[in-house]
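The values are calculated or read from the model by the stated rules, or taken from the named source; none is laboratory data. Please read all numbers here as calculations on a predicted model, not as lab measurements. Neighbour counts run over all protein chains shown; Cβ positions are idealised from the backbone, glycine included.
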Amino acid sequence: SAAEKGGYDYFMLKEIAEQPRAVADTLLGRIDPSGSLTLDEVRISPSELREIDKVVIVACGTAFHAGLIAKYAIEHWTRIPCEVELASEFRYRDPILDGRSLVIAISQSGETMDTLMALRHAREQGSKVLAICNTNGSTIPRESDAVLYTHAGPEVAVASTKAFLTQLVACYLVALYLGQVRGTKWGDEIQAVIKDLSRISEEVERVLETMEPVRALARTLAAKNTVLFLGRHVGYPVALEGALKLKELAYMHAEGFAAGELKHGPIALIEEDVPVVVVVPSPRGRSVIHDKIVSNIQEIRARGARTIVIAEEGDEAVVPYADHLIRIPATPTLLQPLVATVPLQVFACELATARGNEVDQPRNLAKSVTVE
Ligand code: AGP
């Protein structure tokens with residue numbers, strides 16, 4: 001009913017709008033006044049966490065994309081090797097696991113069969129499993145050694161939005177916590193990022209306030225057949241997520257690529273007027289990859305692409321090559337997905353509407369996939 005949707009036309013729109021609150025709720029009570037993390041729910045002792053020699057993340061779909069981003073954060077802040085694998089592939093390839101591996105299973109519903117089977121396999125090998133989950137008391141957290149709930153509130157729309165943002169926050173918390181417990185040379189950066197994370201929900205709110213041009217742009221693309229997405233570093237999984245949202249909702253051919261792979265094949269797809277969404281990393285920090293992506297934008301535009309550029313406020317280098325420019329607030333590099341994903345959700349939702357599709361219940365899809 002309309003009341004359940006809180007006045008929005010679709011649950012998806014409501015859930016997109018709830019993201020600032022959801023992100024704040026994931027952080028609630030987990031950052032203490034001194035600015036360090038207390039994750040009491042992670043019932044794996046600090047001494048066990050110091051023994052971990054490998055992190056393996058298993059998940060499906062959007063949750064898998066959260067895992068891909070988590071890898072950048074975990075390896076950077078903790079220096080522990082981290083693998084991310086589609087849960088459906090994991091147990092069938094005889095993965096190397098033991099008591100010193102920490103397996104993180106990410107799932108909104110907590111009922112995804114592939115993810116459940118992957119975590120059962122990990123526990124049989126003696127690994128500890130930490131679930132990142134949104135649904136209290138569901139199967140995946142019940143079968144795990146510990147659980148960090150995302151507290152996003154119920155997600156009804158089949159396309160995941162607020163669950164994704166809060167999975168990211170939970171992954172950052174785990175990465176920062178592991179860094180804190182183990183002590184790394186990034187101690188100061190960890191402190192600073194915890195502070196930025198505690199303010200990030202306001203940045204998500206600011207992004208939501210500027211989405212009207214994104215909706216207008218989406219409506220002009222309703223008759224297109226293909227949209228491509230490019231990203232680099234943590235922007236690469238964001239590109240994958242943007243493409244997945246568009247497939248699910250708009251039933252369009254959409255693909256995400258690592259920008260550095262363009263010349264290894266995908267650039268052959270660029271033709272006159274094909275829309276390409278580019279997620280641009282911050283010019284601060286890792287400015288080398290920023291400059292490389294700016295030349296990618298130049299290259300594809302020279303071949304006729306219609307460039308839709310998502311870039312940080314104040315990034316002037318992209319301006320000459322952007323047919324459409326979507327601004328996002330400056331954040332620490334690793335946190336950028338929390339703001340960069342939001343326009344892609346809005347874009348996909350609006351395109352679906354413009355194409356007359358059922359937004360909350362896309363064809364052929366179920367909210368949680370409880371079969372293998
Ligand atoms: C996301 O928009 C999808 N509907 C889907 O990929 C989903 O993220 C995936 O099925 C995993 O679900 P889970 O988080 O409930 O395990």
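Annotations
- Residue tally, condition small (G, A, S) and at pLDDT below 95, over the range 331-353: 0
- Breaking point among (1) among the aliphatic types (A, V, I, L, M); (2) more than 23 Å from S1 (Cα to Cα); (3) touching a residue at least 40 places away in the same chain (Cβ under 8 Å); (4) within 12 Å of the ligand (Cβ to nearest atom), for I140: (3)
- Candidates A340, A366, A354: the one that is buried (at least 21 other Cβ atoms within 10 Å of the Cβ) and either touching a His at 6+ places or on another chain (Cβ under 9 Å) or not β-branched (V, I, T) (or both) is A340.
Conditions (1) under 19 Å from E350 (Cα atoms); (2) assigned to a helix (DSSP H, G or I); (3) in contact with a strand residue (DSSP E or B) (Cβ under 6 Å, 6 or more places away or on another chain), marked per residue:
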site	(1), (2), (3)
V169	no, yes, no
T184	no, no, no
D196	no, yes, no
V204	yes, yes, no
L244	yes, yes, no
F257	no, no, yes
K263	no, yes, no
V277	yes, no, yes
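- Residue under evaluation A348, criteria (1) in contact with a Leu (Cβ under 6 Å, 6 or more places away or on another chain); (2) surrounded by 21 or more Cβ atoms within 10 Å (Cβ to Cβ); (3) over 24 Å from A157 (Cβ atoms), criterion not met: (3)
- Residue, surrounded by the fewest Cβ atoms within 10 Å (Cβ to Cβ), within the range 78-116, restricted to residues that are hydroxyl-bearing (S, T, Y) and touching a residue at least 12 places away in the same chain (Cβ under 8 Å): S88
- Any hit, the range 194-213, residues being farther than 23 Å from L334 by Cα and either surrounded by fewer than 24 Cβ atoms within 10 Å (Cβ to Cβ) or in contact with a helix residue (DSSP H, G or I) (Cβ under 9 Å, 6 or more places away or on another chain) (or both): yes
- For the condition surrounded by fewer than 17 Cβ atoms within 10 Å (Cβ to Cβ) and modelled with pLDDT under 95, I289 does not qualify.
- Within the range 104-122, the set of residues being small (G, A, S) and either closer than 14 Å to F64 by Cα or within 11 Å of the ligand (Cβ to nearest atom) (or both) comprises A105, S107, S109, G110, A118.
- Matching residues, the range 253-272, being closer than 30 Å to E358 by Cβ and either in contact with a Pro (Cβ under 9 Å, 6 or more places away or on another chain) or at pLDDT 95 or above (or both): H253, A254, E255, G256, F257
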